[in-house]
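Only one structure is covered here, and it is reproduced in the block below.
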């Protein structure tokens, strides 16, 4: 009956959807070269590092409730190198004040020039791990480097490698913009969550950003 009605109406299909639609997938033969590398302790690693969310199955997903489920569905020796990681720069400042010097720092690093970032005057240290509000003038799972200027100042003083993470503010910032901001403001490495179809494009973006990088004053560590 449905097919008969369709033929009788004589209309063409206006839209197509389904699980077979292909996403843009940059192939390996489109790589622009090999990523620059650095060292943390005795480990030599590339300056772009794949984030662990796709392995761990969780992610800052802003208002998108399906993302963690998607990450779960899409998917080791001694002599460890020890680092300190934090969303808020205040934690690392406190560690430094107590003389805790790690092999490297891992810090959320992104600017706040995007529409959903709540006003700086309303931000509170450590609120990334606290309550989330419906009021967009307060923290609502939207900002992970609460004080970009203070972060950049701390990183500038650091004398060990710094790995920036959450450099795209959970998808609010374009890769070229976020990568550039992190490297320009002192990051030696960036850790970015990537699906397989995004790897080549992100590698190419990193190569381009590092090649054109301007304004960085901090020496490269690692």
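Identify the single condition in (1) surrounded by 23 or more Cβ atoms within 10 Å (Cβ to Cβ); (2) in contact with a strand residue (DSSP E or B) (Cβ under 8 Å, 6 or more places away or on another chain) that residue 158 does not satisfy, given that it satisfies every other one.
(1)
Where residues in the range 193-222 are within 21 Å of residue 103 (Cβ to Cβ) and surrounded by 16 or more Cβ atoms within 10 Å (Cβ to Cβ), which of them is modelled with the lowest pLDDT?
222
Being at pLDDT below 95 and assigned to a loop (DSSP other than H, G, I, E, B) is the filter; apply it to the range 88-111 and report the residue that is nearest to the chain's Cα centre (by Cα).
Going through the qualifying residues, I end up with 88.
Six or more apart or on different chains, Cβ atoms under 7 Å: show the pairs whose first residue is in the range 83-105 and under 17 Å from residue 123 (Cα atoms) and whose second is in a loop (DSSP other than H, G, I, E, B).
Taking only residues 6 or more apart or on different chains, the pairs are 87/144; 88/125; 88/126; 88/146; 89/147; 90/125; 90/126.
Look at the range 148-185 and say how many of its residues are closer than 14 Å to residue 114 by Cα and over 13 Å from the mean Cα position of the chain (by Cα).
1
Is there a residue being in contact with a helix residue (DSSP H, G or I) (Cβ under 9 Å, 6 or more places away or on another chain), outside any helix (DSSP H, G or I) and within 12 Å of residue 109 (Cβ to Cβ) anywhere in the range 205-216?
No, every residue in the range 205-216 fails to be in contact with a helix residue (DSSP H, G or I) (Cβ under 9 Å, 6 or more places away or on another chain), outside any helix (DSSP H, G or I) and within 12 Å of residue 109 (Cβ to Cβ).
Could you go through the range 112-133 and let me know if any residue there is buried (at least 16 other Cβ atoms within 10 Å of the Cβ), at pLDDT 95 or above, in contact with a helix residue (DSSP H, G or I) (Cβ under 7 Å, 6 or more places away or on another chain) and not in a strand (DSSP E or B).
Yes, the range 112-133 contains a residue that is buried (at least 16 other Cβ atoms within 10 Å of the Cβ), at pLDDT 95 or above, in contact with a helix residue (DSSP H, G or I) (Cβ under 7 Å, 6 or more places away or on another chain) and not in a strand (DSSP E or B).
The values are calculated or read from the model by the stated rules, or taken from the named source; none is laboratory data. Because the structure is predicted, anything quoted here is derived from the model rather than measured. Cβ atoms come from the backbone with ideal geometry, glycine included; neighbour counts cover every protein chain shown.
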